[in-house]
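A short worksheet on the structure shown next.
Only the coordinates and a few stated rules stand behind these numbers; no lab work does. Computed from a predicted structure; not experimentally measured. Cβ placement follows ideal geometry from the backbone for every residue including glycine, while neighbour counts extend to all protein chains displayed.
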């Protein structure tokens, strides 16, 4: 494996053949905003937030899936890139129903944080306000399609780490929706192992654990097997 | 030189943004020294006055009354501030947009009511088809997201505006 040298944001850096711009930038402490990327999962370039400029090229390149080249000159921050990133986050917000104030992920949300990072204070685009459903058929988890940004982290973690491939995406464009198995309710899935990895990797409030919002505290008395008072009671 | 004229107005919101405004504690004395509060929930004035320098707008535009008021506000205001998520994004009031006003009213005033169920009469302003952010209806000069925006943020925005500076809210406050 040979070493390639390039510049990112005017800094001389080096990386190995096959490494991505994002990888090399982060190794060198150069920040590039991302959303669909999650270390340990394959990269798919779904969100386009990590777009960078490469000298001599007119089009923009997603840093997470673009491998480095010898002598490459990469720009990470420019007015053009900032405008594109702001627009991307705006599109994500306006395509579904993201109501931060009443979301299970409020203050723990990568989309909410990104809005601050890219300086988005309002939406110039109209809100699409689509009809989107909540599937709460799974015993322990739920999916709120109102909050989904189609980053496909859940699809990848389920396939690549858990090996179940319960999740996938159906439809195109604004009609695209996450599905479990062949579009059946999550609770009916016989491939889901209920491992919860999808919930842990979700950047927004789309995938959530039940029992964490108002009036949902359920006691699990069997955890106290030495108490007899609870015997036969579920609540 | 006379003091800047400040107004606040409460449209389709929960009043939380006004509460957050009041939450700036002793800094309220400083602010009220430096401006004339000419309209809003904090003063007893019935008609929106002319020649207002700054108006803080809380709430989304959801009813015919909101619509009438926001046009009047815009006509008479130099710097219009969308204060909080309802004004900026339509937030919680906008959650009815997928459902529509007829079904919402039926649910709230007929289905869920046990005593004398009836739809609101002509005394209650009619709901618009959609609850919309303020800037979907009139031009907005300053956006202050947050549910509610913190008292510190509201103070710094007011301090900037009173001092003739343009407040920068990008990167300092989040939705929610």
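Couple of notes before you dig in:
- When the convex hull of its Cα atoms is projected in every direction, mean area for chain A (nm²): 16.9
- In the protein assembly as shown, the calculated helix contribution to ellipticity at 222 nm averages -6000 deg cm²/dmol per residue, counting -39,500 (n - 2.57) for every DSSP H run with n ≥ 4.
- Å³ per residue enclosed by the Cα convex hull of the stretch B:20-115: 152
- Relative to the longest principal axis of the Cα atoms of chain B, the long axis of helix B:64-76 makes an angle of roughly 20 degrees.
- Average partner coverage of A:117-125, which counts Cβ from other chains inside 10 Å: 6
- Packing order of peptides B:25-31, A:132-138, highest average first: A:132-138, B:25-31 (average count of other Cβ atoms within 10 Å over each peptide's residues).
- Shape of the protein assembly as shown, Cα gyration tensor, a/c cut at 1.5: oblate
- Per-pair calculated FRET efficiency, R0 = 22 Å: residue B:141 and residue B:37 via Cβ, rounded to 0.05: 0.70
- Peptide A:23-36 is shielded by partner chain Cβ atoms: per residue, an average of 0 of them sit within 10 Å of its Cβ.
- Peptide packing: for A:81-90, B:122-131, the average count of neighbouring Cβ atoms within 10 Å per residue gives the ranking A:81-90, B:122-131, highest mean first.
- Cα long-axis angle, helix A:79-95 against chain A (0 to 90 degrees, to the nearest 10): 20
- Per residue, the Cα convex hull of the stretch A:84-209 amounts to 109 Å³.
- The stretch B:50-176: Cα Rg divided by the 2.2 N^0.38 Å rule of thumb: 1.22
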